[in-house]
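The values are calculated or read from the model by the stated rules, or taken from the named source; none is laboratory data. This structure is a prediction, so every number in the text was calculated from the model and none was measured. We place every Cβ from the backbone using ideal geometry, glycine too, and count neighbours over all the protein chains shown.
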């Protein structure tokens, strides 16, 4: 990349005040930390909501101390109503999908490390970067405000299916102001994500340092770049969809509401809309969103495994091509979420085929990871353990996707816990394992301190065992016909399944408690952790060529020159068995 392109970044002076340095910062590293902190707050909230739901499922009539303080009508005397259960389910899903799985692996780590890994001083548009975070924070505050409006949070689920989400308070508790706040929050989040995606793309294409060709970018940089391309189109579809939903609710339009609809004995004053239009728009965003969450984790895990194996993957370029293929195919499979919507059987077949095809690049990636691990002398660290845990969760959760790709099978399983187990493992837990891996790996670079490895390994094993105990039984429940979104199991065929739910609830409480180890390790290490060596993992990419934490302008005003690809391991050099990207030494 030319020096002119490198100097094209909007330069800004070092911050001179606390507000400019830590709050309204233009530094991509500070913004990355802000995204991480917001994701950490959101995941704690989401985990607490999941605890409340699990407790209610097993003991539906038991009062939960203090819950009535959050909602007197939703939990009178601390006993959760069925409607409030759906409200908590909606908020849990929205927080986790948008503010955790999108924020942490993509926005947080990507903001911090993408510019450094390509040799740039900052993002291409630092002010857009700051705007992107603060708009995300505003979206988070708007969403959380739904807890405190009179009718409470919406009950429509994180997918907000019309017409339930479009007709207003006639549809039930939370479908008044709570649902409007939900739509507004996601609308603002979409704008923030579009700004961030444009920034990532411009930075990657225009600000690479001399010698940093596209082929020399680390896999995680490629993952963030591909994810930003996916997000640019995906959020551009969800943005107007949320606007149209809001107009249906407050302006009397009829985009998603058909004529002649009677709800709560009220004839709705709408005509000509289509509830399926919302499903098409939402899932055209929704399935790429799965890969917005999982692709950054794939890149992070690949980067960490190569470093831990001390040798390159069988082909890291094939990994990149597979991620590109997944990104392209992700826009062709949204219809498999709608097999039970009454679509033409031929359309179901058309969507079933690419759903199976998209498993091919994912399978190739898995085989490359496993083939590369075979015979390697893996360095066992907390980061590498979570990377291996990612592979396990991704494969275990992905296998169940083959069943759901068949319309005839999906019609039976679609509304059951089988789907809940599938997407929690392949999208949720797998991505979170990638977040944990990245945290343990890059924490020394971000803070200048080491995390406690013993606590990290204990955290891994408790989390790994706990998540399997939670989500694998979901598949059994689904095969047994356990319908999801039920707040209590009173039907004769569901009563025998209550002991399974009790086991899952205990596992969820145990696994959630295990995360306190991580929080303690994170906070204690930040202030009292051992000082980090310059390159504790003996890694080759550019972030490890600078002090920890990096200075304001990353490279101290110097334009680094890249001579090698990012994975020169297993070679003889002056530094040992690896060669840094900016080293002119030849292996």
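Before moving on, here are some points about what is shown:
- Candidate set: region 51-80, residues that are touching a residue at least 40 places away in the same chain (Cβ under 8 Å) and within 16 Å of residue 486 (Cβ to Cβ); chosen: the one surrounded by the fewest Cβ atoms within 10 Å (Cβ to Cβ): 60
- Filter result (buried (at least 19 other Cβ atoms within 10 Å of the Cβ), assigned to a loop (DSSP other than H, G, I, E, B) and modelled with pLDDT under 60) within region 1-33: 1, 9
- Among (1) surrounded by 21 or more Cβ atoms within 10 Å (Cβ to Cβ); (2) not in a helix (DSSP H, G or I) - the single one residue 110 does not satisfy: (2)
- Candidates 241, 223, 192, filtered to the one that is touching a residue at least 12 places away in the same chain (Cβ under 8 Å), surrounded by 17 or more Cβ atoms within 10 Å (Cβ to Cβ), more than 30 Å from residue 561 (Cβ to Cβ) and within 17 Å of the chain's Cα centre (by Cα): 192
- So residue 481, is it in contact (Cβ under 8 Å) with a residue 24 or more places away in the chain, in contact with a strand residue (DSSP E or B) (Cβ under 8 Å, 6 or more places away or on another chain) and under 22 Å from residue 54 (Cβ atoms): yes
- Annotation note: of 523, 470, the sole residue that is out of contact with any strand residue (DSSP E or B) (no Cβ under 9 Å at 6 or more places or on another chain), within 25 Å of residue 93 (Cα to Cα), modelled with pLDDT of 95 or more and part of a helix (DSSP H, G or I) is 470.
- Boolean, residue 167 is assigned to a helix (DSSP H, G or I) and either buried (at least 23 other Cβ atoms within 10 Å of the Cβ) or within 22 Å of the chain's Cα centre (by Cα) (or both): no
- The requirement of being crowded, with 24+ Cβ neighbours inside 10 Å, in contact with a helix residue (DSSP H, G or I) (Cβ under 9 Å, 6 or more places away or on another chain) and either assigned to a loop (DSSP other than H, G, I, E, B) or on the phi > 0 side of the Ramachandran plot (or both) is fulfilled somewhere in region 123-141, by at least one residue.
- Residue list for region 298-337, filter: part of a loop (DSSP other than H, G, I, E, B) and in contact with a helix residue (DSSP H, G or I) (Cβ under 8 Å, 6 or more places away or on another chain): 311, 312, 313, 314, 315, 333
- Of the numbered criteria (1) under 27 Å from residue 315 (Cα atoms); (2) surrounded by fewer than 21 Cβ atoms within 10 Å (Cβ to Cβ); (3) under 26 Å from the mean Cα position of the chain (by Cα), the one residue 378 fails is (3).
- Residue satisfying condition, being part of a loop (DSSP other than H, G, I, E, B), over 30 Å from the mean Cα position of the chain (by Cα) and touching a residue at least 12 places away in the same chain (Cβ under 8 Å), within set 567, 563: 563
- Any chance residue 201 is without any contact (Cβ under 8 Å) to a residue 40 or more places away in the chain, surrounded by fewer than 21 Cβ atoms within 10 Å (Cβ to Cβ) and in a helix (DSSP H, G or I): yes
- Every residue from region 338-365 that is in a helix (DSSP H, G or I), touching a residue at least 60 places away in the same chain (Cβ under 8 Å) and within 20 Å of residue 403 (Cα to Cα): 338, 345
- Tallying residues that are closer than 25 Å to residue 300 by Cβ and not in a loop (DSSP other than H, G, I, E, B) within region 79-107 yields 14.
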